[in-house]
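This report refers to the structure that appears directly beneath it.
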Amino acid sequence: MPRERDYSRLVMAAEPKPFWLDRPDAPAVRERLSGEVACDLAVIGGGFTGLWTALLFKELYPERSVVLVEGNRVGWAASGRNGGFCDASLTHGAANGRDRFPSEFDILQRLGARNLDAIQAAVDRHGIDCGFERTGTIAVATQEYQVAGLRSSGAAFLDTEAVRAEVNSPTYLAGAWDKEGTALVQPAALAWGLAAACERLGVRIAERTPATALASDADGVRVRLRDGVLRAGQVALGTSAFPALVRRLRPYIVPVYDYVLVTEPLGAAQRAAIGWRNRQGIGDSGNQFHYYRLTADDRIVWGGYDAIYHFGRGLRAAYDQRPATFARLADHFFTTFPQLEGIGFSHRWGGAIDTCSRFCAFYGTAHRGRVAYALGYTGLGVGASRFGARVMLDLLSGDRTELTELTMVRGKPIPFPPEPLAYLGVQATRWSLARADRRSGRRNLWLRALDAAGMGFDS
Ligand SMILES: Cc1cc2nc3c(=O)[nH]c(=O)nc-3n(C[C@H](O)[C@H](O)[C@H](O)COP(=O)(O)OP(=O)(O)OC[C@H]3O[C@@H](n4cnc5c(N)ncnc54)[C@H](O)[C@@H]3O)c2cc1C
């Protein structure tokens with residue numbers, strides 16, 4: 001492997017904040033909630049999961065009251081700082097879905113495609129200006145052993161010449177273009193637009209209002225706030241990587257940090273040098289993979305590769321910045337696009353991913369069916385969060401529906417062990433995945449043991 005070049009100074013000149021949230025037209029802060037307030041449905045968390053839940057509930061039951069409480073700002077967490085790949089897959093990709101849910105895989109694919117169409121329809125219906133582009137994605141092979149997998153993936157196969165004609169990188173050996181299964185969005189704008197749509201339908205949204213505890217009785221659920229109480233008939237939890245308010249769920253999730261760089265806007269000559277006229281999202285095919293795409297003003301968003309876990313399920317603002325990872329990402333960027341050498345980066349940031357051992361969300365209820373949750377999207381929740389919202393509403397309805405009966409909805413991932421085992425396990429897995437990438441994908445004993453235990457993942 002060639003030695004990494006040192007791009008530390010270049011990346012540290014970038015603004016240390018998410019590009020998507022850094023906008024002059026970002027909404028003003030909403031009021032906190034205090035005192036005692038009653039509602040039919042309380043939604044905890046103002047990311048995509050919470051926002052879709054509030055919106056879909058209000059569309060279904062306009063006469064019922066909904067209050068959404070967000071501990072910080074709407075869309076500030078994963079929902080406003082991701083790559084903006086809005087994918088149809090509900091299972092974190094076809095391979096993971098086929099392995100874990102073989103008997104209902106086709107149904108899940110159909111539900112996922114329908115979910116993505118419904119997101120597009122909602123964006124249109126509510127006039128959400130979030131740069132929604134149904135470009136699809138190209139999975140690219142940068143090592144010979146990855147080519148066969150792309151050829152059999154079912155997506156349109158592109159040989160070396162064809163893939164480089166789409167996007168010009170000397171590292172590409174082949175590609176598979178799935179034209180329908182992904183849209184690209186400006187994710188913060190989607191979150192803000194969903195919040196505005198909720199409010200137009202009568203949802204009350206409070207920011208800087210963390211919920212601290214839940215208690216239930218025959219009348220409903222009391223959601224304790226720092227400075228008040230929300231009395232709700234039912235509660236939906238969309239709290240992602242943050243400590244779950246239902247304690248028994250905590251072992252199922254570990255926060256894993258993922259990092260992103262954004263370039264300055266490309267000039268006409270730089271744009272011509274890479275092609276990319278069809279603006280697809282791109283992902284490479286290693287275990288440690290990069291995802292990248294263009295923005296509306298022709299910057300490149302470049303993220304992924306490192307996945308960092310901090311001992312004790314650590315979750316801190318300081319972890320959003322990781323200079324060594326940014327420098328590594330820049331090095332990989334210029335290896336992929338050497339013709340862009342000299343371009344600068346405008347933004348750098350990281351964010352916590354709600355990782356669970358089955359790599360796609362899990363669902364359920366607590367407090368005798370009055371509290372529902374959808375957690376654990378493991379880095380592919382931009383699209384799947386709307387499905388998670390639908391599942392929660394079906395679970396809260398008490399009815400048996402197509403969604404509540406799915407094996408995927410009824411089952412749970414294997415919980416992570418307590419520390420220090422969780423930390424050691426994550427480190428061993430990261431080390432083994434990096435090694436497999438250097439050894440033509442060959443999985444060592446540890447990865448094969450995880451595969452056998454149902455905790456393996458092969459991107
Ligand atoms: C760097 C990065 C890149 C990613 N790229 C992609 C991608 O390209 N495509 C994709 O599909 N997915 C991607 N993801 C994952 C995706 O962003 C998430 O799956 C999705 O946004 C999850 O939405 P959410 O609403 O469940 O969680 P979040 O957006 O994290 O929202 C949870 C909210 O709950 C609030 N909250 C938590 N606890 C409380 C409490 N007790 N009281 C009140 N509020 C509370 C938090 O403040 C937060 O706002 C990425 C994630 C990261 C971090």
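The values are calculated or read from the model by the stated rules, or taken from the named source; none is laboratory data. Keep in mind that this is a model prediction, so the values were computed, not measured. Glycine also receives a Cβ, built like all others from the backbone with ideal geometry; neighbour counts cover every protein chain displayed. Just the protein is used for accessible areas: all its heavy atoms, side chains included, with ligands, DNA and RNA removed. Shrake-Rupley method; radii C 1.70, N 1.55, O 1.52, S 1.80 Å.
Key figures for this structure:
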| quantity | calculated |
| --- | --- |
| Candidates Val37, Val43 - the one that is β-branched (Val, Ile, Thr), outside any loop (DSSP other than H, G, I, E, B) and over 20 Å from the mean Cα position of the chain (by Cα) | Val37 |
| Test result for Ala436, more than 16 Å from the ligand (Cβ to nearest atom), open to solvent by less than 20 Å² (accessible area, probe 1.4 Å) and closer than 27 Å to Ala77 by Cα | no |
| Conditions (1) more than 16 Å from the ligand (Cβ to nearest atom); (2) among the aliphatic types (A, V, I, L, M); (3) crowded, with 23+ Cβ neighbours inside 10 Å; number of the one not met by Leu375 | (1) |
| Subset of the stretch 46-64 [within 12 Å of Val235 (Cα to Cα) and away from the ligand (no atom under 14 Å from the Cβ)] | Phe57 |
| The one condition in (1) surrounded by fewer than 20 Cβ atoms within 10 Å (Cβ to Cβ); (2) part of a strand (DSSP E or B); (3) out of contact with any Gly (no Cβ under 8 Å at 6 or more places or on another chain) that Gly175 fails to fulfil | (1) |
| Pick from the stretch 444-459, criterion of a type outside the set (A, V, I, L, M, F, W, C) and open to solvent by 50 Å² or more (accessible area, probe 1.4 Å), ranking: nearest to Tyr252 (Cα to Cα) | Asp451 |
| Whichever residue in the stretch 415-433 is touching a helix residue (DSSP H, G or I) at 6+ places or on another chain (Cβ under 8 Å) and part of a helix (DSSP H, G or I) and, among such residues, is surrounded by the fewest Cβ atoms within 10 Å (Cβ to Cβ) | Ala428 |
| Residue check for Thr401: at pLDDT 90 or above and among the polar types (S, T, N, Q) | yes |
| Residues located in the stretch 380-414, provided they are of a type in the set (Gly, Ala, Ser), open to solvent by 10 Å² or more (accessible area, probe 1.4 Å) and in a loop (DSSP other than H, G, I, E, B) | Gly381, Gly398, Gly411 |
| Restricting the stretch 356-367 to residues that are at pLDDT 95 or above and open to solvent by 20 Å² or more (accessible area, probe 1.4 Å), the residue that is nearest to the ligand (Cβ to nearest atom) | His367 |
| Residue satisfying all of: in the stretch 83-100; assigned to a loop (DSSP other than H, G, I, E, B) and open to solvent by less than 30 Å² (accessible area, probe 1.4 Å); nearest to the ligand (Cβ to nearest atom) among these | Gly83 |
| Residue match in the stretch 27-45 (condition: open to solvent by 40 Å² or more (accessible area, probe 1.4 Å), within 16 Å of the ligand (Cβ to nearest atom), of a type in the set (Gly, Ala, Ser) and over 26 Å from Phe387 (Cα atoms)) | yes |
| Residues satisfying the stated conditions in the stretch 101-115, i.e. assigned to a helix (DSSP H, G or I), in contact (Cβ under 8 Å) with a residue 60 or more places away in the chain and open to solvent by less than 20 Å² (accessible area, probe 1.4 Å) | Glu104, Leu108, Leu111, Gly112, Asn115 |
